[in-house]
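These notes are about the structure you will find just below.
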Amino acid sequence: MSASAPNNSCKDVAPLLVFYACGECNEQERGLVEQHLALCASCKAQLEDELEFESALRSLPETSQQLDPSGILLGRCRSELAEQLDDLEHPRGKEVGGLGWLRRWMGLHPMWSAATLVLFGLVAGAQITQWFTGRNDANGVDAMSVRPSGPRLTEDQLSKMAVAGVNFAPSTSNPGVKTVRLQLSAEQPVELSGSLDDSNVRSVLTYVVKNGQRFDSGVRLDCLDALKTLAEDDQVREALLEAARKDENPAVRLKALEALRVSAADAEVRETLLAALEHDSNPGVRVEAVNLLVHSIGAQDDTLVVTDPGDFSGLPSRKAVRGSGGALDDDSMQNVIRALEEMQHKDPSRYVRMRSAAALREISARNEQ
Amino acid sequence: MAAVTSTAAVDERVLVEQAQAGNRAAFEELVRRYDRDVLRLALNMMKRTEDARDVYQEAFLKVYRNLHRFRFECSFYTWLYRIVTNVCLDHLRRRQARPEDQAPELRTTQHDEVATDFFERQREHRATLDPERHLLGQEIKAKLALAMERLSPRERIVFEMKHYQGLKLRAIGDALGTSEETVKNSLFRATRKLRSELGVLR
């Protein structure tokens with residue numbers, strides 16, 4: 001114990017210093033430590049060491065950053081999990097395509113199987129390399145090396161690319177603007193970085209969303225995340241509609257619908273919402289469609305008031321209205337009501353039935369106002 | 001700000017309820033909210049991509065199978081972390097039972113060059129130019145990784161959650177299903193052991 005220690009001893013204070021250094025002391029402990037430190041040089045030196053240790057830890061590269069710097073592992077984990085969940089939901093039955101005999105044969109003859117696979121790999125590798133070389137020579141396509149202000153990507157380049165990762169970071173020059181970084185591999189890996197206004201960034205993101213079958217669902221979801229603020233752009237909206245209608249993964253369809261919220265009053269978007277409500281296989285997507293249809297009617301009311309307040313009768317369902325993106329009329333409204341009426345009885349999911357009934361009540365209450 | 005938080009909490013409750021009702025899209029949305037943090041913890045704890053992948057899969061499959069048991073008595077995040085930390089601890093315990101299986105992926109070859117005085121090395125570290133600084137960082141990291149291997153699984157997870165996930169001791173206690181006091185003891189022991197291994201205990 002230090003000779004100059006006052007009421008509290010080094011024995012009491014020293015064990016608290018670890019927690020003091022990482023901000024985990026309560027008020028009483030903090031008072032005790034600070035009072036003691038003012039007079040005890042030895043504990044003060046120990047605290048400096050603790051603080052230095054903390055700061056050294058923070059300055060060291062983090063293991064997760066070293067092992068997965070580009071986030072590729074995360075995408076892989078997500079797709080593996082999706083596959084496992086698929087297996088849980090739809091256990092695989094008999095071997096498809098009659099390949100069971102091959103699996104059994106390979107189990108019984110491991111050495112021959114390995115040799116056959118190696119030979120097959122060599123032949124396939126040689127053929128594919130030749131094919132790629134041939135294509136490059138024929139098309140004269142240079143290795144894609146894109147920078148934010150680089151040449152516009154061609155459809156051909158887009159159709160050949162694979163996306164390994166999508167990351168967001170605040171722009172260094174303007175912290176309010178997000179920079180999107182895309183790790184692509186076409187003929188060779190390349191990183192494309194730029195704001196959402198960059199035409200190449202936007203082309204890649206919309207291409208991925210629109211051509212979902214070619215990309216991992218984790219990548220598709222990340223691209224949707226990036227595009228969700230741009231749903232009013234025609235090119236983006238078209239891609240979102242495509243994903244909402246056709247993507248095989250319900251999480252992607254759900255996210256595409258969510259992104260379309262801002263233009264829910266658009267005629268084409270509403271058609272997609274109706275199609276999702278009536279035909280989507282996933283109840284979560286159908287519930288989101290109900291929510292957005294109700295929202296679209298709210299958005300339509302707002303448009304009515306702003307567009308022509310003098311002519312507003314208070315009954316939007318009887319009026320022809322022009323929404324932000326297209327014509328919404330009596331028929332469109334009636335279609336929504338008809339679909340919801342049908343779904344409140346017919347939908348196999350109880351939750352969707354309840355949500356449809358609640359939506360009808362909301363619409364009718366709004367009409368009565 | 002409070003309104004934002006409470007809206008987020010309501011959204012999350014709806015998502016969890018939908019997932020409990022069998023809505024796969026809602027479940028996947030929950031996964032995406034937290035899986036970056038989960039993978040980060042798994043990578044930091046396991047130090048190997050293959051093991052971290054196993055932890056990720058096992059943890060989320062457990063969450064999927066047991067979601068119907070979740071009764072909103074704590075936040076979903078806390079409940080999820082309880083599962084993830086248990087899976088991590090199981091894997092670490094299994095690994096410790098197999099001594100041949102303990103080498104971390106990140107080990108470098110320059111252990112002998114690591115100075116015995118950690119702080120002296122740190123001071124040099126800050127004063128040197130970038131390439132050397134990087135190398136020194138790698139050396140200290142390698143030594144720290146070895147020292148971490150010598151902690152008990154519980155000490156290690158507490159240390160990781162505090163320093164890399166930035167969680168408060170109370171939250172760590174909730175996740176591990178133990179008291180804040182117990183977590184404090186683990187963190188204290190972990191810090192002492194690490195500093196002692198790095199040759200800095202005074």
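Sorting check: for A:290-298, B:189-197, which peptide has the highest mean count of neighbouring beta carbons within 10 Å, and how do the rest follow?
A:290-298, B:189-197
Using modelled amide H (1.01 Å from N, peptide plane; none on Pro or chain starts), what sits under 5 Å from the amide H of A:G165, excluding residues fewer than 5 places away?
Answer set, sorted by chain and number: A:Q183.
A:Q28 to A:E232: FRET efficiency via 1/(1 + (r/R0)^6), r the Cβ-Cβ distance, R0 41 Å, to the nearest 0.05?
That pair, A:Q28 with A:E232, gives E of 0.15.
Can you give the FRET efficiency to the nearest 0.05 for A:L60 and B:D11, using r as the Cβ-Cβ distance and R₀ = 35 Å?
E(calc), rounded to 0.05, equals 0.45.
Apply 1/(1 + (r/R0)^6) to the Cβ-Cβ distance of A:R361 and B:A147, taking R0 = 51 Å, and write down the FRET efficiency to the nearest 0.05.
Using R0 = 51 Å, I get an efficiency of 0.20.
If amide hydrogens are placed 1.01 Å from N in the peptide plane, which non-local residues have theirs closer than 5 Å to the one on A:S195?
Placed amide hydrogens put A:V180 under 5 Å from A:S195.
Report Rg(Cα)/(2.2 N^0.38 Å) for the stretch A:193-295, keeping two decimals.
Output field value: 0.99.
Quick one: which of A:191-199, A:281-289, A:245-253 comes out on top by average Cβ neighbours within 10 Å, and what's the full order, highest first?
Order by mean packing, descending: A:281-289, A:245-253, A:191-199.
When ranked by the protection proxy of mean other Cβ atoms within 10 Å per residue, highest first, what sequence do the peptides A:254-261, B:158-165 form?
A:254-261, B:158-165
Taking the beta-carbon count within 10 Å as an exposure proxy, list B:F72, A:F19 from fewest neighbours to most.
B:F72, A:F19
Provide a whole-number value for the mean count of partner chain Cβ atoms within 10 Å of the Cβ atoms in peptide A:51-63.
For peptide A:51-63, the averaged partner shielding equals 6.
Measure up A:K44/B:K184; B:K62/B:K143; A:K160/B:K47; B:K62/B:K168; B:K47/B:K193 against 28 Å on the Cα-Cα distance and list the ones that go over.
With Cα atoms farther than 28 Å apart: B:K62/B:K143; A:K160/B:K47.
Whole-Hz Karplus ³J(HN,Hα) for the stretch B:78-83, in order, using 6.51 cos²θ - 1.76 cosθ + 1.60 and θ = phi - 60°, x for Gly and Pro?
After applying 6.51 cos²θ - 1.76 cosθ + 1.60, I find 4, 4, 4, 5, 4, 5 Hz.
Take peptide B:57-69, look around each residue's Cβ out to 10 angstrom, count Cβ atoms belonging to other protein chains, and average those counts.
Per-residue shielding by partner chains comes out at 2.
Residue by residue through the stretch A:45-50, which ³J(HN,Hα) values in whole Hz follow from phi under the Karplus form 6.51 cos²θ - 1.76 cosθ + 1.60 (θ = phi - 60°), with glycine and proline marked x?
5, 5, 5, 4, 5, 4
Please turn the phi angles of the stretch A:259-266 into ³J(HN,Hα) values with the Karplus equation 6.51 cos²θ - 1.76 cosθ + 1.60 (θ = phi - 60°), one per residue in order, whole Hz, x for glycine and proline.
Each residue's phi maps through the Karplus curve to give 5, 7, 3, 5, 10, 5, 7, 5 Hz.
What distance in nm separates the two pseudo spin-label positions at A:R214 and A:R181, each 7 Å out from Cα along the beta-carbon direction?
Taking the two extended label points, one gets 2.4 nm.
No lab work stands behind these numbers, since they all come straight from the coordinates. Quantities reported herein were computed from a predicted structural model and do not represent experimental measurements. Note that we place each Cβ from the backbone using ideal geometry, even for glycine, and neighbour counts take in every protein chain shown.
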